[in-house]
Amino acid sequence: MTGDFLLMRSLVEKDLKVRYKRSVLGFLWFLLKPLFSMVVYTIVFTKIIRFGGAIEHFSLFLLTGLLPWNFFSASLSASTKTLLDNQKLIRSIYFPRVALPISAVIANAVHMLMAMGVLEILLVVFGHTPGLSLLLLPVAVVFLAAMTSGFAMMISVGNVYYRDVSQFLEVILLAWFYASPVIYPLGAGLIPERMEAVIRFNPVAGVLEVFHSTMYYGTWPELWAWVSMIVWTAAILAAGLAIFKRMEPSVVKEL
């Protein structure tokens, strides 16, 4: 266990160092990207489409959803090449190869947690007093990271055999973003009921609702959000582990 932990920490540190080597702003990019997106979406949905006018402090509501979404999408994108980029390491020594895609997820989780600290300060400044429900935020972070790890394991294996996976993922994430409650709340009557019913089956819908509830609204998340988050995380993580374990020997040969 100690050896696996040290390996994981080493991989995460390597990911962080390589990512921001020769970068002036470093970690700030993880916050600046959602901030820029927040400004764009705020202008579009409050000044042009006037969708966000019904939500108080719409920009902060957006940021509350954008941070976990950016973590999710960035982790999946980074995980696609984790096996391919470490071919020499995989061939040289034996180690739990599943640590490679998971390390990409953990590295992005570090950024998300720091960015959320900044967001919570902004929320307090603008009058969003944190409630006891904020204590549930770490639970949501763990579940989101576990779910993301399950997807990451499947994607990293798939990309070894089909290089189109990384390109296909970009298209999927774009559509997935608009099908997720990032820029709009559920249960507020802002989208058609039938569409909302379908969106609730989205694997990330529940966990995003938990983030909005605990951080932005300061309320306890609804039961459906917890059930969705727990069920989807368990299913996706189990599937990811099963697929990775089954394909690992052939993946090593393919590399």
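Here 226, 176 are screened, and the one residue that is outside any loop (DSSP other than H, G, I, E, B), crowded, with 17+ Cβ neighbours inside 10 Å and over 15 Å from the mean Cα position of the chain (by Cα) is 226.
The set of residues in the range 207-223 that are in a helix (DSSP H, G or I) and more than 16 Å from residue 197 (Cα to Cα) comprises 210, 211, 212, 213, 214, 215, 216, 217. Against the conditions (1) assigned to a helix (DSSP H, G or I); (2) at pLDDT 95 or above, residue 203 satisfies every one except (1). Here residue 216 passes the criteria (1) of a type outside the set (Asp, Glu); (2) within 16 Å of the chain's Cα centre (by Cα); (3) closer than 17 Å to residue 141 by Cα except the one numbered (2). For residue 161, the criteria (1) under 14 Å from the mean Cα position of the chain (by Cα); (2) in contact (Cβ under 8 Å) with a residue 12 or more places away in the chain hold in every case but one, which is (1). The residues listed here are 156, 149; of these, the one that is touching a residue at least 60 places away in the same chain (Cβ under 8 Å), more than 14 Å from the chain's Cα centre (by Cα), under 15 Å from residue 105 (Cβ atoms) and crowded, with 18+ Cβ neighbours inside 10 Å is 156. For residue 65, the stated conditions do not hold, so it cannot be described as within 30 Å of residue 190 (Cα to Cα) and modelled with pLDDT under 90.
Are any of the residues in the range 38-48 in contact with a Phe, Trp or Tyr (Cβ under 7 Å, 6 or more places away or on another chain), of a type in the set (A, V, I, L, M), at pLDDT below 90 and not in a loop (DSSP other than H, G, I, E, B)? No, that holds for no residue.
Here residue 120 meets each of (1) under 24 Å from residue 206 (Cβ atoms); (2) buried (at least 17 other Cβ atoms within 10 Å of the Cβ) with one exception, condition (2). Selection within the range 188-197: residues that are surrounded by 13 or more Cβ atoms within 10 Å (Cβ to Cβ) and of a type outside the set (Asp, Glu). The member of this set that is farthest from residue 151 (Cα to Cα) is 190.
With the condition kept exactly as written, say whether any residue in the range 178-198 is touching a helix residue (DSSP H, G or I) at 6+ places or on another chain (Cβ under 6 Å) and over 22 Å from residue 55 (Cβ atoms). No, that holds for no residue. For the range 90-109, a tally of residues being part of a helix (DSSP H, G or I) and either more than 13 Å from the chain's Cα centre (by Cα) or more than 30 Å from residue 246 (Cβ to Cβ) (or both) returns 7.
To keep it simple, each residue is scored yes or no on (1) out of contact with any Cys (no Cβ under 7 Å at 6 or more places or on another chain); (2) under 29 Å from residue 56 (Cβ atoms); (3) among the charged types (D, E, K, R).
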| site | (1), (2), (3) |
| --- | --- |
| 81 | yes, no, yes |
| 85 | yes, no, yes |
| 89 | yes, no, no |
| 99 | yes, no, no |
| 106 | yes, no, no |
| 114 | yes, yes, no |
| 134 | yes, yes, no |
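Checked against (1) in contact with a helix residue (DSSP H, G or I) (Cβ under 6 Å, 6 or more places away or on another chain); (2) within 30 Å of residue 95 (Cα to Cα); (3) charged (D, E, K, R), residue 209 passes all but a single condition, namely (2). Taking the numbered list (1) closer than 29 Å to residue 205 by Cβ; (2) crowded, with 21+ Cβ neighbours inside 10 Å; (3) not polar (S, T, N, Q) in turn, residue 113 passes all entries but (2).
Quick one: would you say residue 181 is within 20 Å of the chain's Cα centre (by Cα), buried (at least 16 other Cβ atoms within 10 Å of the Cβ) and farther than 20 Å from residue 58 by Cβ? So residue 181 fails the test.
The values are calculated or read from the model by the stated rules, or taken from the named source; none is laboratory data. This one's a predicted model, so the numbers in the text were calculated from it and none came from an experiment. Don't worry about glycine lacking a Cβ; one is built from the backbone with ideal geometry, like all the others, and counts go over all protein chains shown.
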